[in-house]
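Here, each number is a calculation from the coordinates, and none is a lab measurement. A quick note: this is a predicted structure, and the numbers were derived from the prediction, not measured. For neighbour counting, all protein chains shown are included, and Cβ atoms are generated from backbone atoms with ideal geometry for every residue, glycine included.
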Amino acid sequence: MERLDRIEKAIEAMRQSQAKTDAQLAKSELSWQETKKILSNVGINLGHVAEEFFYYALREEKKFGGIQFDEIELNVHGRNRKVQDEFDIVLYNGECIGLVEIKHKVHPADLQKLALPTAKKNNLWQLVVRIILNYQK
């Protein structure tokens, strides 16, 4: 009987321990979700800062690729029946359109999406800008 009591006590101790572990995991999951949200917001804010930085830099001369543009717009939305998109910066004059895509991190897939085969033929100029932050210790 004594052996059975020890086994039951051990099982009960394991149940209590498991309940504490489950509670700690639930708290960790909530903490992780909050951290994920904060980091996502930081990334979004970095993107907005980068867009504004390059917008104000280009706004002064409205020139890139050796082409002088007349107008510049920030965050231009476009859509047709099948495609909806946003362009970070659009420059234009009577002959050319310049599209500037700002990326905090540039991935090859981003470049593929921007490679428009009719760009040169239609006087559409594209620029991908990656903002690089240097941290010094």
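Based on what the data block shows, is ALA57 out of contact with any strand residue (DSSP E or B) (no Cβ under 6 Å at 6 or more places or on another chain) and over 29 Å from ILE89 (Cβ atoms)?
Working: out of contact with any strand residue (DSSP E or B) (no Cβ under 6 Å at 6 or more places or on another chain): yes; over 29 Å from ILE89 (Cβ atoms): no.
No: the conditions fail for ALA57.
Within the range 74-98, residues that are basic (Lys, Arg) reach partners that are exposed (fewer than 14 other Cβ atoms within 10 Å of the Cβ) with beta carbons closer than 8 Å, at six or more positions or on different chains, in the pairs ARG79/ASP85.
Restricting to the range 74-99, give me the number of residues that are surrounded by fewer than 13 Cβ atoms within 10 Å (Cβ to Cβ) and either assigned to a strand (DSSP E or B) or within 25 Å of the chain's Cα centre (by Cα) (or both).
Filtering the range 74-99 for residues surrounded by fewer than 13 Cβ atoms within 10 Å (Cβ to Cβ) gives 77-86, 94-95.
Among the residues that remain, those that are also either assigned to a strand (DSSP E or B) or within 25 Å of the chain's Cα centre (by Cα) (or both) are: 77-80, 82-86.
The qualifying residues number 9.
Does the range 15-37 include one or more residues that are part of a strand (DSSP E or B) and charged (D, E, K, R)? Scanning the range 15-37, I find no residue that is part of a strand (DSSP E or B) and charged (D, E, K, R), so the answer is no. The C-beta contact set for the range 54-67 (first residue closer than 12 Å to ILE97 by Cα and without any contact (Cβ under 8 Å) to a residue 60 or more places away in the chain, second residue in a loop (DSSP other than H, G, I, E, B) and charged (D, E, K, R), distance under 7 angstrom, 6+ apart or interchain) comprises LYS62/ASP70.
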